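Q: One structure is given below, represented as structure tokens, and several questions about it will come after.
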Amino acid sequence: MINQQRIIDNFITMVEIASVSGKEGKIRDYLLGEFTGRGLQVLEDQTGDMLNGESGNLLVKIPGILEAETILFAAHMDTVEPGEGIEASLADGVIISKGNTILGSDDKAAIAAMIEAVDVLRENKIPHGPLELLITVCEEQGLKGSKHFDFTRLDSVMAYVLDAGGDPGTIITQSPCQNEIEYKVYGKPAHAGMNPERGINAIQAAAMALARMPCGRIDQDTTCNLGIIEGGTARNIVADYCHIKGEARSLTRPRLDEITELLKDTFIDEVQKQGARAEVDVKFLYSEVKLSPGDRVVKTAVRAMESIGLIPSLESTGGGSDASIIHGGGIPCVNLGIGMNNVHTCAEYIKVEDLVKDARIVLSIIREVTKED
Ligand SMILES: [Zn+2]
């Protein structure tokens, strides 16, 4: 039922339309044409204006032929750099870029699969319930697009994001919540040679504090990191300022709060012992996803995979995605592996067979939901 040549052509057309985060105007126009050309209603939200980008998030509502609960499929239309001037080619069943850019299968393979599924439903008059397709912007810039989306616009009872690495069949059921943590130290400047005793060295105070703080893997569910350190003004001045950017992640919110408090308290205590002043800013980035095999959104995905001969694999990841935001927004959501490889590099590729499997997965989930109701 899936038209392999059509999905390849659509995929290649889309990846060759540059859509680096914030510059999604052209791909938005293409997608508007694709969906409205199929007689579907597309809503663009105000996120583009809020983020100073070219496009908002797109929401496509597809009415059901049958009465069933609404389900959501989601993907993002933006890419990382280098994403201008992409030329895709197909050889031996694999689609790659010319090697000087990314390919953009992250995440246009997902969009191609969604559009192909829509075509197959219509051509074959397959009975289905109501569907919602959400195509976000600025995902690669810290999930900004989905964070600005108003989830009260949705009717869906569960959601599938198609944006995970791993073979088709991969179902990400667990991902962490995350805090961004910025540590600042205020010391006192002085001439380093003439009167260092008058100064308070912010860099040294930070160093003493950081040495007492946990870093790396804390336990099976929890990690933290110190990623950037900057400070001081000159070699011969006692440094009066230093700041550090770090993060903490955990699969459970209480554990995230606990580790964040520990990091914050240790930092402030140790800096104060050095006579300097500390400030710690914590920003909550996104919620955890912690689903079990018994949850409906997972069970439906497992059955959908099995019914098309894929081996479902329930997995946990250390990263966030639009699934974190959608799940946090109250719609149970898993992230599905779509077979994209080496993403965010110029060696990115996807196999045609995986592109086709992605479309089959979307169709199979739709069928399973229809059976359930
Ligand atoms: Zn992605």
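Q: Could you check the stretch 94-105 and list, in sequence order, the residues that are surrounded by 12 or more Cβ atoms within 10 Å (Cβ to Cβ) and either in contact (Cβ under 8 Å) with a residue 60 or more places away in the chain or outside the structural domain of N342 (by TED's automatic domain parsing) (or both)? Explain how you work it out, then say what you get.
A: Kept after step one, since they are surrounded by 12 or more Cβ atoms within 10 Å (Cβ to Cβ), are these residues of the stretch 94-105: 94-98, 101-105.
Correct list: V94, I95, I96, S97, T101, I102, L103, G104, S105.
Q: Now a separate question. Which one of the conditions (1) surrounded by fewer than 16 Cβ atoms within 10 Å (Cβ to Cβ); (2) assigned by TED's automatic domain parsing to the domain that holds Q46; (3) touching a residue at least 40 places away in the same chain (Cβ under 8 Å) does G166 fail to meet, given that it meets all the rest?
A: All conditions are met except number (1).
Q: Report yes if G199 is at pLDDT 95 or above, crowded, with 17+ Cβ neighbours inside 10 Å and in contact with a helix residue (DSSP H, G or I) (Cβ under 6 Å, 6 or more places away or on another chain), otherwise no.
A: For G199, the condition - at pLDDT 95 or above, crowded, with 17+ Cβ neighbours inside 10 Å and in contact with a helix residue (DSSP H, G or I) (Cβ under 6 Å, 6 or more places away or on another chain) - is not met.
Q: Suppose the filter is closer than 12 Å to V137 by Cβ, assigned by TED's automatic domain parsing to the domain that holds G337 and more than 16 Å from the ligand (Cβ to nearest atom); does E84 pass it?
A: Details: closer than 12 Å to V137 by Cβ: no; assigned by TED's automatic domain parsing to the domain that holds G337: yes; more than 16 Å from the ligand (Cβ to nearest atom): yes.
No; evaluated as a whole, the condition is false for this residue.
Q: So, one more: What strands (runs of 3 or more DSSP E) completely inside the stretch 178-269 contain at least 2 residues that are in contact with a Pro (Cβ under 8 Å, 6 or more places away or on another chain)?
A: Numbers: elements: 216-219, 222-231, 241-250.
It comes to 222-231, 241-250.
Q: Continuing with the same structure: Can you name the residue in the stretch 134-158 that is within 16 Å of the ligand (Cβ to nearest atom) and in a strand (DSSP E or B) and is also nearest to S55 (Cα to Cα) among such residues?
A: Only one residue tops the list, namely T136.
Q: Scan the stretch 1-45 for residues that are part of a loop (DSSP other than H, G, I, E, B) and within 22 Å of T79 (Cβ to Cβ) and jot them down. Don't jump to the end; show me each part of the working.
A: Applying the first criterion (part of a loop (DSSP other than H, G, I, E, B)) to the stretch 1-45 yields 1-3, 16-19, 21-24, 37-40, 45.
Once the filter is applied, which keeps residues that are part of a loop (DSSP other than H, G, I, E, B) and within 22 Å of T79 (Cβ to Cβ), the stretch 1-45 yields E16, I17, A18, S19, S21, G22, K23, E24, D45.
The values are calculated or read from the model by the stated rules, or taken from the named source; none is laboratory data. What you see is a predicted model, and the numbers here were worked out from it, not measured in a lab. Every residue, glycine among them, receives a Cβ derived from its backbone with ideal geometry; neighbour counts consider all protein chains shown.
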